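Some notes on the structure that comes next.
The values are calculated or read from the model by the stated rules, or taken from the named source; none is laboratory data. Note that the structure is a prediction, hence the values are computed from the model and not measured. Here the Cβ positions follow ideal geometry from the backbone for every residue, glycine too, while neighbour counts run over all protein chains shown. In case anyone asks, the SASA skips ligands and DNA or RNA and just uses the protein heavy atoms, side chains included. Shrake-Rupley method; radii C 1.70, N 1.55, O 1.52, S 1.80 Å.
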Number of protein chains: 2
Amino acid sequence: MNRTTVEELLMEYGIQPTAQRCVVTGYLLETDCHPTAEEVMRAVKDRLPCSLSRATVYNTLKLLVDKGLLQELSTEPGQTRYDANTGHHHHFVDRESGRIYDLEVDGEGIWISGFELPAEYKADHFKITFYGKVES
Amino acid sequence: MNRTTVEELLMEYGIQPTAQRCVVTGYLLETDCHPTAEEVMRAVKDRLPCSLSRATVYNTLKLLVDKGLLQELSTEPGQTRYDANTGHHHHFVDRESGRIYDLEVDGEGIWISGFELPAEYKADHFKITFYGKVES
DNA sequence: GTCTGTAATTAGAATAAGTCTAAATACAGA
DNA sequence: TCTGTATTTAGACTTATTCTAATTACAGAC
Ligand SMILES: [Mn+2]
Ligand SMILES: [Mn+2]
Ligand SMILES: [Zn+2]
Ligand SMILES: [Zn+2]
């Protein structure tokens, strides 16, 4: 995804497309590894002619989450991770490597049987996280 | 659950039952509110004749997790919560209050239909977290 | 019952993730 | 070009958690 496409995407979401925001968004769209803010910072700072502040990375990530372009993941304590895949999907955490894999849901959607959510619990969303090992 | 019962439980799990550990464990067993380390600290320090160090609370929580008496929850960034319910169960997060409710799984267990875990993904565990509002 | 070595606890310092602040810079619209 | 607002910046600050070095508690040996 090139520079112009990212710019257009940001504008569609009502976000002023600055160089910093483009490069952060571009990185999150192209990676599939659910990076932390720190990882975004490292990955992205060489792509800019200028310096990049930590505050800008955090502000940008928060803005993108607010506007619905990213989702936040809390799979392990002390690390917030970011995911540009905002469709309804789930995750698999490899315990050894810590890597997080996306699990896509096909057409009809997912169905959980074997227990009832009590009537007074009105859920608007759910996520499933699997833990284990990916045998390569 | 009284003092002696907690002591016996800790010993069964191979944990030397000190006063601090008993009181932390006792609190987690009696509450259903998935407290943070800070909340455990506050709730528990008056139950001891002596002072209680932050380091002890964190060490104890980690020990109890290691030995399988507690599980850690990462439902929201920046807060690790603890859960003495270590059977297979799931959670409901009330977005307004932040409160976390347990969802028990009945006899036959839970079944997820609508997508396949790829063959090379060997999962030993999964958890489901629902988000929404509890209407009281 | 003491002695003694190890385990546990303590207060406070150190880290690390994330937020805030105040000043500088960029930029959209007049 | 001018001007006001939005964005970015470096670094201070906060908060959750971990580490450290010294003290205290305790289990087993005598
Ligand atoms: Mn991070
Ligand atoms: Mn906490
Ligand atoms: Zn994902
Ligand atoms: Zn629970």
Checklist outcome for this item: Residues of segment A:71-95 being within 22 Å of residue A:26 (Cβ to Cβ) and acidic (Asp, Glu), in sequence order, are A:72, A:83
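Of A:12, A:7, A:104, which residue is touching a His at 6+ places or on another chain (Cβ under 9 Å) and more than 30 Å from residue B:65 (Cα to Cα)? Can you show your working first?
On the way: A:12 fails: touching a His at 6+ places or on another chain (Cβ under 9 Å); A:7 fails: touching a His at 6+ places or on another chain (Cβ under 9 Å).
A:104 is the lone residue from the list that is touching a His at 6+ places or on another chain (Cβ under 9 Å) and more than 30 Å from residue B:65 (Cα to Cα).
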Item to check | Candidate set: segment A:37-85, residues that are away from DNA strand C (no atom under 13 Å from the Cβ) and free of Cβ contacts under 8 Å to residues at least 12 places away in the same chain; chosen: the one least open to solvent (accessible area, probe 1.4 Å) | outcome: A:45
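Okay, residues lined up against (1) among the small types (Gly, Ala, Ser); (2) modelled with pLDDT under 95:
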{"position": "B:11", "(1), (2)": "no, no"}
{"position": "B:17", "(1), (2)": "no, no"}
{"position": "B:24", "(1), (2)": "no, no"}
{"position": "B:43", "(1), (2)": "yes, no"}
{"position": "B:46", "(1), (2)": "no, yes"}
{"position": "B:60", "(1), (2)": "no, no"}
Next on the checklist: Please count how many residues of segment A:1-38 are over 30 Å from residue A:94 (Cα atoms) and either in a loop (DSSP other than H, G, I, E, B) or of a type in the set (Val, Ile, Thr) (or both).
Outcome noted: 10
Checklist entry - Within segment B:100-114, how many residues are at the interface with another protein chain (Cβ under 7 Å from one of its Cβ atoms) and at pLDDT below 85? => result 8
Item to check | Odd one out for residue A:123 among (1) more than 11 Å from chain B (Cβ to nearest Cβ); (2) touching a strand residue (DSSP E or B) at 6+ places or on another chain (Cβ under 6 Å) | outcome: (1)
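Does residue B:61 count as closer than 22 Å to residue B:31 by Cβ and over 13 Å from the mean Cα position of the chain (by Cα)? Even if it seems obvious, please write down each step before you answer.
Working: closer than 22 Å to residue B:31 by Cβ: yes; over 13 Å from the mean Cα position of the chain (by Cα): no.
Considered against the rule, which asks whether it is closer than 22 Å to residue B:31 by Cβ and over 13 Å from the mean Cα position of the chain (by Cα), residue B:61 comes out as no.
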Checklist entry - Does residue B:52 qualify as being more than 26 Å from residue B:134 (Cβ to Cβ), in a loop (DSSP other than H, G, I, E, B) and more than 10 Å from DNA strand D (Cβ to nearest atom)? => result yes
